[in-house]
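Everything below concerns the one structure shown next.
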Amino acid sequence: MLISQLYPTAETPADIRQRNRFAVLRLLRDHDPLSKSDLVRFTDRTNTTIATILDGLLAEGLVETVNETGSLAGTTRGRPASLYRLSTARWLAAGIQIASNSVTAIIMTLDATIVAQGSAPAPEDLAAEDVLDIAGNLLDDLIERTQELNMSLLGLGVALEGFVSPETGESLWMLFRSKWKDVPVRAYLEQRFRLPVMIDYRVYAAALAEASYGAARGIQDFVYLNIDTGIATATVSSGALVRSSTQPAGITGGLGHVLTSRSSRPCFCGNIGCLHNEITIQALTAQLGEFLTLGRGHGIGLFWEDHAPTFENLIAAVRQNDALALQIRDRFIENLGIAVTGAIQLYSANLLIVGGPTLHFGGPEALEAAQHAIQRLTILHELLGSTKVIASTLLPDSATVGAATLVVHAVMVGTITPDLALE
C-alpha cells in the first residue's frame, strides 16, 4: 500500500521549507487568528523562521493580518495588527464532483466558506464530452456569480466516481457510464479555464475534506464510509491517506462486493447477497419498484399513485410515513449496520464518518441503529465497541467540498502557488 501523506514530512531542505509552510498554514486554518509568538510556540520553529514564512505568505496573499478584535489591519485605530489568519478576501478554490448521474460544483474561500454552489443533472447515457461540458458550464455560472467579490481562483479540484489516475489527470472508468473511458478530465478543464487542475477519487477527496474542515478535523486516525451509487471507504492512519500503490485511485476500500447481507439476491458481479444490492441508491429504488409491483391491488402504496418511483421521492415518502418506504428504510437500517461493523473490523477505527445521500433516507434512526450494532462487537473485544459513528455535516456534500480542498491542500504544500493561478 502507498501511504499518501496528508501532512508532509521533512527530508531535504526543500522538504523542510514545505513542512514549515504547511505547519503554519495548517495552524492558521485550524486555529486562526494566531500571533507570531503563538506560531513559534506551536511549531517549535525559531522566530526568524516563522517571520520569513509569514512574510512570504503575506506576499502571496494567502495570509492577512488582523487586529486583536479580528478586524483587518488598518480598519481600526490603535496599535499595529499582531495576529494572522488565512486570507478571506483574496483567493478562492473551486471544486467539481462528477458522478454517474449528476455534476455538483462549489467555489469556496480558504477557510471553506462556500460563496457559490450549484448542481446539474448529467444522465448516465451522455457522451463523456457532454458531461464535461455540463461541468464546465456549471463552473462558468458559479464564476460569474462570484465576480463581484473581486477574488481570484487558485485552482480547480475534481472529485470523480469510479477509477481515477491522478497522475495523468484521467478518469478511467465510471459505474453506469457506458460512454466513459479514459476521459482526459484535467486536460479539458485546464484548457477551458486556464487554471491548475487536480483530480482524485471522490471518496479520497471526501476524507481530505473531513480531515481539513469536517468531523475529523484534528484527528489522525479515522475511516470515511461513503454510500450512494456504491459502498466505499477511505482510511486515514497516523495522518496519512491509505492508497493503492499499483492500481488507480478507487481500487482500494470498496466494500459493496466484499460484505454480504442475508439476502439471496444475485449480484451483477456473480456473487449472492452483496451489500451493493441492498443499500446503494440504485438498490433502494429497485426495491421500491419490486414492492410496488408486489403491493399492487393490496391497498398500499397510495403515495406512489401520483409520485414517480425515484430516490428523491423515496425520501419524501418516508417523511409522510408511507408504508412501503418505511419497510425499505427498515431494511436499509439493518444492512447499514453490516457496512458499519464490517468497516470497523477491517480498519480498527476509533471514528467512522458516514457520508452520502442515502443517509438522508435513513435519517438519525439509521446512525443510532448503527451505533447499537457496534455495541455487539464488544463480545469480540471491548475496544471495538468504543468506535464512534457520526454523519458527515459538510454541505453540499463532503466529496464536492473535498474537490475544492484538493486545491487548498496543494496550496498549503506549495504544489499550487498564486503565481501559477494568475498565469
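The values are calculated or read from the model by the stated rules, or taken from the named source; none is laboratory data. Fair warning: this is a prediction, and the values are worked out from it, not measured in the lab. Counting neighbours? That spans all protein chains shown, and the Cβs are built from the backbone with ideal geometry, glycine included.
Can you confirm whether segment 113-120 contains a residue that is closer than 23 Å to residue 414 by Cα, modelled with pLDDT of 95 or more and surrounded by fewer than 20 Cβ atoms within 10 Å (Cβ to Cβ)?
yes
Which ones in segment 146-168 are over 19 Å from the mean Cα position of the chain (by Cα) and polar (S, T, N, Q)?
Scanning segment 146-168 gives 146, 147, 150, 152, 168.
Which of the residues that make up segment 138-168 are in a loop (DSSP other than H, G, I, E, B) and farther than 19 Å from residue 401 by Cα?
Of everything in segment 138-168, those that are in a loop (DSSP other than H, G, I, E, B) and farther than 19 Å from residue 401 by Cα turn out to be 150, 167, 168.
Which pairs turn up if I take residues in segment 92-106 that are closer than 18 Å to residue 127 by Cα and look for partners that are part of a loop (DSSP other than H, G, I, E, B) and charged (D, E, K, R) with beta carbon separation below 6 Å, at least 6 apart in sequence or on another chain?
Once the first residue is closer than 18 Å to residue 127 by Cα and sits in segment 92-106, its partners that are part of a loop (DSSP other than H, G, I, E, B) and charged (D, E, K, R) give 99/161; 100/124; 100/161; 100/177; 101/124.
Which residue out of 120, 89, 94, 135 is out of contact with any Lys or Arg (no Cβ under 9 Å at 6 or more places or on another chain), in a loop (DSSP other than H, G, I, E, B) and among the small types (Gly, Ala, Ser)?
89
What is the number of the single condition among (1) more than 21 Å from residue 101 (Cβ to Cβ); (2) among the charged types (D, E, K, R); (3) modelled with pLDDT under 95 that residue 228 does not meet?
(1)
Checking residue 292 against (1) modelled with pLDDT under 90; (2) in a loop (DSSP other than H, G, I, E, B); (3) in contact with a helix residue (DSSP H, G or I) (Cβ under 9 Å, 6 or more places away or on another chain), which test does it fail?
Failed condition: (2).
Residues of segment 184-207 being within 23 Å of residue 142 (Cα to Cα) and under 9 Å from the mean Cα position of the chain (by Cα), which ones?
Answer for segment 184-207, where residues must be within 23 Å of residue 142 (Cα to Cα) and under 9 Å from the mean Cα position of the chain (by Cα): 202, 205, 206.
From 334, 312, which residue is exposed (fewer than 15 other Cβ atoms within 10 Å of the Cβ), in the same structural domain as residue 232 (by TED's automatic domain parsing) and either out of contact with any Lys or Arg (no Cβ under 7 Å at 6 or more places or on another chain) or free of Cβ contacts under 8 Å to residues at least 12 places away in the same chain (or both)?
After ruling out the rest, the residue left standing is 312.
Among the numbered criteria (1) farther than 17 Å from residue 95 by Cβ; (2) under 21 Å from the mean Cα position of the chain (by Cα), which single criterion is violated by residue 171?
Tallying (1) farther than 17 Å from residue 95 by Cβ; (2) under 21 Å from the mean Cα position of the chain (by Cα), residue 171 fails exactly one: (1).
For segment 52-84, enumerate the residues that are modelled with pLDDT under 90 and surrounded by 17 or more Cβ atoms within 10 Å (Cβ to Cβ).
66, 67, 81 - these are the residues of segment 52-84 that are modelled with pLDDT under 90 and surrounded by 17 or more Cβ atoms within 10 Å (Cβ to Cβ).
Which ranges mark the strands (runs of 3 or more DSSP E) fully within segment 174-273 that have 2 or more residues being touching a residue at least 60 places away in the same chain (Cβ under 8 Å)?
Per the criteria, 197-201, 222-227, 231-237, 240-243.
Residues 288, 294: which one is outside the structural domain of residue 412 (by TED's automatic domain parsing), more than 21 Å from residue 345 (Cβ to Cβ) and in contact with a Ser or Thr (Cβ under 9 Å, 6 or more places away or on another chain)?
It is 288.
Would you check which residues across segment 8-51 are within 26 Å of the chain's Cα centre (by Cα), modelled with pLDDT under 90 and buried (at least 16 other Cβ atoms within 10 Å of the Cβ) and list them?
Hits for segment 8-51 are 8, 18, 19, 32.
Can you name the residue in segment 85-98 that is modelled with pLDDT under 95 and small (Gly, Ala, Ser) and is also nearest to residue 36 (Cα to Cα) among such residues?
87
Which ones in segment 107-128 are farther than 26 Å from residue 393 by Cα and free of Cβ contacts under 8 Å to residues at least 40 places away in the same chain?
Matches in segment 107-128: 123 only.
Residue 315 - would you say it is in contact with a His (Cβ under 7 Å, 6 or more places away or on another chain) and of a type outside the set (S, T, N, Q)?
So residue 315 passes the test.
Please count how many residues of segment 97-112 are part of a strand (DSSP E or B) and surrounded by 20 or more Cβ atoms within 10 Å (Cβ to Cβ).
Total meeting the criteria: 9.
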